[in-house]
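Chemist: Below you'll find the structure I mean.
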Amino acid sequence: MASQSLDIARRSATTTQPPNVRGDVPKVAKLIDISKCIGCKACQAACMEWNDYRDKVGTCNGTYNNPPDLDADQWTVMRFTEYEPEGGKLEWLIRKDGCMHCADPGCLKACPAPGAIVQYGNGIVDFHEEHCIGCGYCITGCPFDIPRLSKKDGKAYKCTLCSDRVAVGLEPACIKSCPTGALVFGTKDDMIHHAEGRIADLNSRGFAQAALYDPKGVGGTHVMYVLPHGDKPEIYDRLPKDPGISPWVSVWKGVTKPILGLGLGVIALGGFIHYVTKGPNEADDEDAKEDKHERR
Amino acid sequence: MTNHWVDIKNANLVLIMGGNAAEAHPCGFKWVTEAKAHKGAQLIVIDPRFNRSAAMADYYAPIRTGTDIAFLGGVIHYLLSHDKINHEYVKAYTNAGYLVNSAYGFEDGLFTGYEPAKRAYDKSTWSYVKGPDGYVEVDATMTDPRCVMNLMKAHYARYTPEVVSNICGTPQDQFLHVCEMIAETSAPTKTLTIMYALGWTQHTVGTQMIRTAAMVQLLLGNIGMAGGGVNALRGHSNIQGLTDLGLMSNLLPGYMTLPMEQETDFQKYLEVRALKPLRPGQLSYWQNYPKFHVSLMKAWYGDAATKDNDYAFDYLPKLDKIYDILQVFELMHQGKMNGYFCQGFNPLASFPNKAKIGGALAKLKYLVVIDPLATETSEFWQNFGPYNDVDPTKIQTEVFRLPSTCFAEENGSLVNSSRWLQWHYQGADPPGEAKADPEIVAGIFLKLRELYRKEGGAFPDPIVNLTWNYAIPAAPHPEELAREYNGRALADLTDPADPTKVVLKAGQQLDSFAQLKDDGSTACGCWIFSGAWTEKGNIMARRDTADPSGLGETLGWAFAWPANRRILYNRASCDPAGKPWDPRRDIIHWNGSKWVGFDVPDFKPDSAPAQDMGPFIMQPEGVARFFTLDKVIDGPFPEHYEPFETPISTNPLHPKVVSNPAARVFKDDLEAFGTAKDFPYAATTYRLTEHFHFWTKHAKINAILQPEQFVEIGEELAKEKGLKAGDQVMVRSNRGFLKAVAVVTKRIKPLTVNGKTVHTVGVPIHWGFKGVAKNGYITNTLTPYVGDANVQTPEFKSFLVDIEKA
Ligand code: SF4
Ligand code: SF4
Ligand code: SF4
């Protein structure tokens, strides 16, 4: 792997020039091949071990989703969906959910705390919890509903793409643990190339719409999926078809400063607060419509 | 496995049936994804549930639990009637042309010789016709109506697609689609690999299910081929090693057997095991039995095993019957067994009918539990509310718990499904007072020996004369034990071709079992492991991944028994002339003067093809058997019998003989079987990826990933019963009940069987009342106390329950 500089390319609520003496470093990516994932949760276990967090022992909610959702103590979960289209074959879709490491991260743009969210030169989006003020704006800014506030310290947590491992030339813990090769890691270019081979294989097995999920609405992502049904991302437990950052976040972002430029910011803030409290109604409705397959 | 894990990647078609590799063997399953990604392989999954493996399958077909012989028998019928077999292979490498005793027959569900009072067969008619030369008569044209091929055709002619579908509940078109996919691999350049596990073994017809699969593979010519074979996926990391070392009541190491009560004559004991060839020119490798056996006795008894005392033959126990676990707990339950040592397993959770197991343990005077964990068994006498509702004041059993180390806390070798002995190193110190198993056993042995030495007793010799030459007698080292099972020369060994040449000096480690002698000049603790620790050192610790063939034949990685051979019967990967059936699967071939290649030939290395030696060298015929003579007790051809608890209360093939007539059933257990009238649903038990047996509920991360006991039911049954996902339900069998969360799923569909709708209830096994996961009921509260007719593996996979909202 090429050198993985931890140079910070972007920093929340910060306008100073980022360091760039090393120039461009290669972008990295994790590729999640849904067609190879058996839902064994080894990656989930590895994430707990490497990052040293432990959720509580919960209960079974009548599905295989355990724990049932992302949490400050659960940075990745497998989402199981039983998909049986009218007249079609039953499929058990299993999607590893977690931060997508957006090239254009809504979380970072929405964050008002300087340096609580950073993006490294290699594309990884990381939360630096010591700067987090616990406002939860990142949650609202995220088109994938990823960050979670901890009930213990009130700060936001999510997948780091194992930035500490990547920085020293190791693959993320989940990648190392995956027994089937459903998870692969490398430069984004290599991962796109790898995905092309997988898509050709899926095409030959009758998945004519197999595709790479690297949504443009967030500038592409550093976590990508190979989707057998590439035309229907929403069947994979509500993976958004066309994710984007709410325009309010962009406006808000435009005025976000270490100290708020109050006069200019007021209107934007009003809109943003509405967005934060009421949520992106439009998107939600669409999600609800698409959510016709129960989670299993 | 006939083949090995890595070799799965060479298959064109993978059939997972009687197992759920993605769920229970996720790391091995990667070779299926390799085959799919790089060889364009197709994956078929056949299972009552659309499981994790099915999620990866190119084709899934449902089947009713316990009916796999009907399905595979139907495949045999399809292959024979559509002429989709490898003719040359079948003719040269199987007993298809062998002539069978004219008195043999099969009628109305029974083979000839059935004795109802004994629930057993007189197997004398299940035999070959022998010619005046003493060899079996063979009709190479296979036209004789008494040849195996024609008897097999007749036997499976009944297994039409209609019949299969009626018994299995598999829709006919899906069954036929699977047949077509399988049939394609009858081409010599295509292979099918079959992966199975406890979904085949845990039935009263388990042995025969596996045999049916082997028959399919023989018809297709897929045994001995890279990417072929019948591959057992072993569960515990060393359960393969357990069978290899003979830790069964009737076995000795290396698949040798203990004598039965009437076998008091040493020479006769050897003779019936050292099988003479049934056809001219055959190797019949078991002829070497005396060498393996004498060397074992020399390893155990050293100088006390002499020619004059028949190498201590009298020291060996002589069995009146087989003491499998069901027999043992039956005796305990009857109060005929007073003490029990339970090392590394958890019978209260792992054996069927928990009420009976708990009741049996309560009749013991003492119970010794050797385990790294505080198992349910070790606390069977404690009250854990509804999960273990017993009255401790009524139980007098004295329990000794001896904490042992787990695999990560010791050096040693584990044998995996691939038959590889892989050495591993201690990764952590054991906690508290935990001791390694050899140390615990040594402590008990040394004390016993001291008592026998002091007090004598009826027959102290087997104990006081046992070889115990370890550097620290109270703590034998894994390295010492490994060297012992490899074996060593006790006198100088010379080259058979040149007796003046000394190959090994006395005291040196053997190179392989080929050097074993029946004259007491070699010692070997387990002949099939010979070669694992030679004068070159610890062969099991090798980690060379070099694979010159590209087929995963990494001969420098660890040690594979036997003789570091990776694919068994690999002579059959070549045609009779010694040329590979498929040039891309060239693992060995005849080079004009000997057998060479990327694997170790499973054959006499210099036997030219013209000599007509068969590739199945362990068989006295030299060929594989469709008709299996008297080697299994419930019939020379596999036949479909219903589980003892059947949801259809009949056997559509022969209503008078419903379940396996040769399976042993104890009286109390017969009475504890339920019927479909009271318990209408077919139930099956299984494992989940997130857990390993009853161990990982003691581990926090696993408990987080799968915290609470659940049962799986289909949407249709849920609707009928008014249940929804997340409800608490009660599942009852005639032996007890459990309560758990309902997982309601599209992945279990009702099947139409013999005109009746059959629902399946799935019950994972992992919960209990010890550990950090949420407490749960022991699943084996529900399961029936009856085992496979041949090897007594309990019928955990097919029984009857009722279900209701709790
Ligand atoms: S997925 Fe959400 S949390 Fe992750 S980088 Fe994108 S916006 Fe931020
Ligand atoms: S990349 Fe690291 S932090 Fe993210 S899910 Fe994988 S293991 Fe967890
Ligand atoms: S480890 Fe790999 S196969 Fe297992 S759940 Fe995670 S992505 Fe899927």
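Chemist: Considering only segment A:87-105, state which residues are within 16 Å of ligand 2 (Cβ to nearest atom) and touching an Asp or Glu at 6+ places or on another chain (Cβ under 6 Å).
Modeler: We begin by selecting, within segment A:87-105, every residue within 16 Å of ligand 2 (Cβ to nearest atom); these are A:94-102, A:105.
The answer is A:R95, and nothing else.
Chemist: Would segment A:74-86 turn up any residue that is within 16 Å of ligand 2 (Cβ to nearest atom), among the hydroxyl-bearing types (S, T, Y) and under 14 Å from the mean Cα position of the chain (by Cα)? Can you show your working first?
Modeler: Initially, segment A:74-86 is screened for residues within 16 Å of ligand 2 (Cβ to nearest atom), giving A:74-79.
So of that shortlist, the ones also among the hydroxyl-bearing types (S, T, Y) come out as A:76.
Applying the additional criterion that residues be under 14 Å from the mean Cα position of the chain (by Cα) yields A:76.
There is at least one residue in segment A:74-86 that is within 16 Å of ligand 2 (Cβ to nearest atom), among the hydroxyl-bearing types (S, T, Y) and under 14 Å from the mean Cα position of the chain (by Cα).
Chemist: Go through segment B:649-664 and count every residue that is aliphatic (A, V, I, L, M) and surrounded by fewer than 20 Cβ atoms within 10 Å (Cβ to Cβ).
Modeler: Qualifying residue count, segment B:649-664: 2.
Chemist: I would also like to ask the following. Specify the residue that is farthest from ligand 1 (Cβ to nearest atom); the eligible residues are those in segment A:154-172 that are part of a loop (DSSP other than H, G, I, E, B) and within 14 Å of the chain's Cα centre (by Cα). Let's see the steps before the verdict.
Modeler: Our first condition is that a residue be part of a loop (DSSP other than H, G, I, E, B); within segment A:154-172, this holds for A:154-155, A:158-162, A:168-172.
Checking the rest, the ones that are also within 14 Å of the chain's Cα centre (by Cα) come to A:158-162.
Numbers: A:K158: 5, A:C159: 7, A:T160: 10, A:L161: 9, A:C162: 14 Å.
The extreme case among them is A:C162.
Chemist: Only residues in segment A:141-157 that are assigned by TED's automatic domain parsing to the domain that holds A:D126 count as the first member; pair them with residues that are within 16 Å of ligand 3 (Cβ to nearest atom), Cβ under 7 angstrom, at least 6 apart or cross-chain, and list the lot.
Modeler: Partner pairs satisfying both residue conditions: A:F144/A:M100; A:I146/A:L70; A:I146/A:G98; A:I146/A:C99; A:R148/A:L70; A:Y157/A:W75.
Chemist: I would also like to ask the following. Here are some conditions: (1) under 30 Å from B:G28 (Cα atoms); (2) open to solvent by less than 40 Å² (accessible area, probe 1.4 Å); (3) away from ligand 2 (no atom under 16 Å from the Cβ). A:G220 meets all but one. Which one does it not meet?
Modeler: (1)
Chemist: Before we move on, is A:F144 part of a loop (DSSP other than H, G, I, E, B), in contact with a helix residue (DSSP H, G or I) (Cβ under 9 Å, 6 or more places away or on another chain), more than 16 Å from ligand 3 (Cβ to nearest atom) and within 14 Å of chain B (Cβ to nearest Cβ)?
Modeler: Taking the combined requirement at face value, the residue does not satisfy it.
Chemist: Would you confirm, using the coordinates I've provided, whether A:T15 is of a type in the set (V, I, T), assigned by TED's automatic domain parsing to the domain that holds A:C159 and part of a loop (DSSP other than H, G, I, E, B)?
Modeler: So A:T15 fits the description; yes.
Chemist: A further question on this structure: Can you say whether B:G714 is small (G, A, S), at pLDDT 95 or above and over 30 Å from the mean Cα position of the chain (by Cα), as far as the supplied structure shows?
Modeler: yes
Chemist: Hey, can you tell me all the residues within segment A:184-202 that are in contact with a helix residue (DSSP H, G or I) (Cβ under 9 Å, 6 or more places away or on another chain), within 12 Å of another protein chain (Cβ to nearest Cβ) and not β-branched (V, I, T)?
Modeler: Across segment A:184-202, the qualifying residues are A:G197, A:R198, A:D201, A:L202.
Chemist: Test A:V125 against the criterion of being crowded, with 16+ Cβ neighbours inside 10 Å, closer than 21 Å to A:I94 by Cβ, within 15 Å of ligand 2 (Cβ to nearest atom) and modelled with pLDDT of 95 or more, and give yes or no.
Modeler: no
Chemist: Kindly indicate whether A:I139 is of a type outside the set (F, W, Y), away from chain B (no Cβ under 14 Å) and within 13 Å of ligand 1 (Cβ to nearest atom).
Modeler: On the way: of a type outside the set (F, W, Y): yes; away from chain B (no Cβ under 14 Å): yes; within 13 Å of ligand 1 (Cβ to nearest atom): yes.
Yes, satisfied.
Chemist: Could you tell me which numbered condition B:F769 fails, if it satisfies all but one of (1) part of a strand (DSSP E or B); (2) touching a helix residue (DSSP H, G or I) at 6+ places or on another chain (Cβ under 7 Å)?
Modeler: (1)
Chemist: Within segment A:53-73, how many residues turn out to be assigned to a loop (DSSP other than H, G, I, E, B) and either within 13 Å of ligand 3 (Cβ to nearest atom) or under 20 Å from the mean Cα position of the chain (by Cα) (or both)?
Modeler: The number of residues fulfilling the criteria is 11.
Chemist: Does B:I701 satisfy the condition of being of a type in the set (A, V, I, L, M) and within 14 Å of chain A (Cβ to nearest Cβ)? Explain how you work it out, then say what you get.
Modeler: Working: of a type in the set (A, V, I, L, M): yes; within 14 Å of chain A (Cβ to nearest Cβ): yes.
When the stated conditions are applied, B:I701 passes them.
Chemist: Among the numbered criteria (1) in contact with a Lys or Arg (Cβ under 8 Å, 6 or more places away or on another chain); (2) within 14 Å of ligand 2 (Cβ to nearest atom); (3) not in a loop (DSSP other than H, G, I, E, B), which single criterion is violated by A:L108?
Modeler: Unmet for A:L108, out of (1) in contact with a Lys or Arg (Cβ under 8 Å, 6 or more places away or on another chain); (2) within 14 Å of ligand 2 (Cβ to nearest atom); (3) not in a loop (DSSP other than H, G, I, E, B): (2).
Results for (1) among the β-branched types (V, I, T); (2) more than 14 Å from chain A (Cβ to nearest Cβ); (3) in a loop (DSSP other than H, G, I, E, B); (4) open to solvent by less than 40 Å² (accessible area, probe 1.4 Å), shown as yes or no for each residue.
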residue	(1), (2), (3), (4)
B:F692	no, no, yes, no
B:I713	yes, no, no, yes
B:A725	no, no, yes, no
B:M730	no, yes, no, yes
B:V743	yes, no, no, yes
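Chemist: I would also like to ask the following. Within segment A:19-44, which residues are more than 10 Å from chain B (Cβ to nearest Cβ) and either open to solvent by 20 Å² or more (accessible area, probe 1.4 Å) or in a loop (DSSP other than H, G, I, E, B) (or both)?
Modeler: A:P19, A:N20, A:V21, A:R22, A:G23, A:D24, A:V25, A:P26, A:K27
Chemist: Over 30 Å from B:S53 (Cβ atoms) and open to solvent by 30 Å² or more (accessible area, probe 1.4 Å) - does that describe any residue in segment A:200-211?
Modeler: Looking for residues that are over 30 Å from B:S53 (Cβ atoms) and open to solvent by 30 Å² or more (accessible area, probe 1.4 Å), one finds none in segment A:200-211, hence no.
Chemist: Considering each residue of segment A:45-101, count those that are open to solvent by less than 10 Å² (accessible area, probe 1.4 Å), under 27 Å from A:H128 (Cα atoms), of a type in the set (A, V, I, L, M, F, W, C) and within 12 Å of chain B (Cβ to nearest Cβ), and give that number.
Modeler: Total satisfying the criteria: 3.
Residues are listed down the side, and each one gets a yes or a no for (1) away from chain A (no Cβ under 14 Å); (2) crowded, with 24+ Cβ neighbours inside 10 Å; (3) within 23 Å of B:D678 (Cα to Cα):
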{"site": "B:G722", "(1), (2), (3)": "yes, no, yes"}
{"site": "B:H759", "(1), (2), (3)": "yes, no, yes"}
{"site": "B:A773", "(1), (2), (3)": "no, yes, no"}
{"site": "B:Y785", "(1), (2), (3)": "yes, yes, yes"}
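Chemist: Just for segment B:34-63: of the residues that are among the basic types (K, R) and more than 8 Å from chain A (Cβ to nearest Cβ), which one is nearest to A:P228 (Cα to Cα)?
Modeler: Of everything passing the filter in segment B:34-63, B:K39 is nearest to A:P228 (Cα to Cα).
Chemist: For the subset of segment B:787-806 comprising residues that are assigned to a loop (DSSP other than H, G, I, E, B) and open to solvent by 10 Å² or more (accessible area, probe 1.4 Å), which member is nearest to B:L723 (Cα to Cα)?
Modeler: Looking at residues that are assigned to a loop (DSSP other than H, G, I, E, B) and open to solvent by 10 Å² or more (accessible area, probe 1.4 Å), I get B:A806.
Chemist: Can you confirm whether B:P636 is assigned to a loop (DSSP other than H, G, I, E, B) and crowded, with 23+ Cβ neighbours inside 10 Å?
Modeler: Taking the combined requirement at face value, the residue satisfies it.
Chemist: Of everything in segment B:456-468, what is touching a residue at least 40 places away in the same chain (Cβ under 8 Å) and either in a loop (DSSP other than H, G, I, E, B) or in contact with a Lys or Arg (Cβ under 6 Å, 6 or more places away or on another chain) (or both)? Give them in sequence order. I'd like the intermediate steps shown before the answer.
Modeler: Residues of segment B:456-468 that are touching a residue at least 40 places away in the same chain (Cβ under 8 Å), as a first pass: B:461-462, B:465-467.
Once the filter is applied, which keeps residues that are touching a residue at least 40 places away in the same chain (Cβ under 8 Å) and either in a loop (DSSP other than H, G, I, E, B) or in contact with a Lys or Arg (Cβ under 6 Å, 6 or more places away or on another chain) (or both), segment B:456-468 yields B:N465, B:L466, B:T467.
Chemist: Name the residue, out of B:Y289, B:Y340, that is open to solvent by less than 40 Å² (accessible area, probe 1.4 Å) and touching a Lys or Arg at 6+ places or on another chain (Cβ under 7 Å). Can you show your working first?
Modeler: On the way: B:Y340 fails: touching a Lys or Arg at 6+ places or on another chain (Cβ under 7 Å).
The conditions single out B:Y289.
Chemist: Separate question: Scanning segment A:128-171 for residues that are hydrophobic (A, V, I, L, M, F, W, C) and farther than 29 Å from A:G186 by Cα, which turns out most open to solvent (accessible area, probe 1.4 Å)?
Modeler: So in segment A:128-171, the residues hydrophobic (A, V, I, L, M, F, W, C) come out as A:132-133, A:135, A:138-139, A:142, A:144, A:146, A:149, A:156, A:159, A:161-162, A:166-168, A:170.
Subsequent filtering for residues that are farther than 29 Å from A:G186 by Cα retains A:132-133, A:135, A:149.
Working: A:C132: 23, A:I133: 114, A:C135: 55, A:L149: 64 Å².
Filtering first and then ranking leaves A:I133.
The values are calculated or read from the model by the stated rules, or taken from the named source; none is laboratory data. Since the structure is predicted, the reported quantities are computational estimates derived from the model, not experimental observations. Positions of Cβ are generated from backbone atoms using ideal geometry, with glycine treated the same way; all protein chains shown enter the neighbour counts. These accessible areas exclude ligands, DNA and RNA; they are computed on the full protein's heavy atoms, side chains included. Shrake-Rupley method; radii C 1.70, N 1.55, O 1.52, S 1.80 Å.
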